[in-house]
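Student: Encoded as structure tokens, here's the structure I'll be asking about.
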Amino acid sequence: MVQPARMKRATRAVRIGESRCGLGVFARRRFITGDSIAEIRGKVIADPEYWSAYCIDLGGGAVLEPAAPFRFINHSCQPNCELVDYTRWDDATGAIRHMTRVRAIAPINSGHELTIDYAWPSTCAIPCLCGSERCRGWIVAEASLRELLESIKTN
Ligand SMILES: [Zn+2]
């Protein structure tokens, strides 16, 4: 569940807006490379069979189903953000807490869209409309692109 104080902090950094493909996440201020922008809040689902267009693989058969605003972060083959996983001891619960944060990997001006590389496996690939100079043509992990193109050729 999203805590109001944290939600306020996240929405001060970003806003949801109209993007080239539906909704997207936009910077409300300037970020420099390396800035930790906000934590992605959401629901951890420990089911290896679970899938949604928004979920983030946490490894070990668990996924994070992100809440707004980062539920709407779009893919780019030339992204300006990355997701960083880390764990922290939570004094309140007395347990280790898993967190995923959005970090800037390039300077982002206020009003610009935040994007990440979805890096999907070739079995989940769909055509990419990101429009970046380095667009791979498919939303797929860079390492899986050759495998995807080979499978298209043989089918
Ligand atoms: Zn692309």
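The values are calculated or read from the model by the stated rules, or taken from the named source; none is laboratory data. Keep in mind it's a predicted model, so treat the numbers as computed, not measured. Positions of Cβ are backbone-derived with ideal geometry, glycine not excepted, and every protein chain shown enters the neighbour counts. For accessibility, only protein heavy atoms count, side chains too; no ligands or nucleic acids. Shrake-Rupley method; radii C 1.70, N 1.55, O 1.52, S 1.80 Å.
Student: Checking THR87 against (1) of a type outside the set (D, E, K, R); (2) assigned by TED's automatic domain parsing to the domain that holds ARG15; (3) within 16 Å of the ligand (Cβ to nearest atom); (4) touching a His at 6+ places or on another chain (Cβ under 8 Å): exactly one of these is not met. Which one?
Tutor: (3)
Student: Identify the residue in the stretch 90-142 that is small (Gly, Ala, Ser) and in contact with an Asp or Glu (Cβ under 9 Å, 6 or more places away or on another chain) and, among all such residues, is most open to solvent (accessible area, probe 1.4 Å).
Tutor: ALA119
Student: For GLU147, all conditions in the list (1) in the same structural domain as THR33 (by TED's automatic domain parsing); (2) touching a residue at least 12 places away in the same chain (Cβ under 8 Å); (3) open to solvent by 20 Å² or more (accessible area, probe 1.4 Å) hold save one; what is the number of the exception?
Tutor: If we test GLU147 against (1) in the same structural domain as THR33 (by TED's automatic domain parsing); (2) touching a residue at least 12 places away in the same chain (Cβ under 8 Å); (3) open to solvent by 20 Å² or more (accessible area, probe 1.4 Å), just (1) comes out false.
Student: Whether any residue in the stretch 130-140 is more than 24 Å from GLY42 (Cβ to Cβ) and either touching a His at 6+ places or on another chain (Cβ under 8 Å) or among the acidic types (Asp, Glu) (or both) is what I want to check.
Tutor: yes
Student: How many of the residues in the stretch 84-127 are within 18 Å of ARG12 (Cα to Cα) and touching a helix residue (DSSP H, G or I) at 6+ places or on another chain (Cβ under 8 Å)?
Tutor: 1
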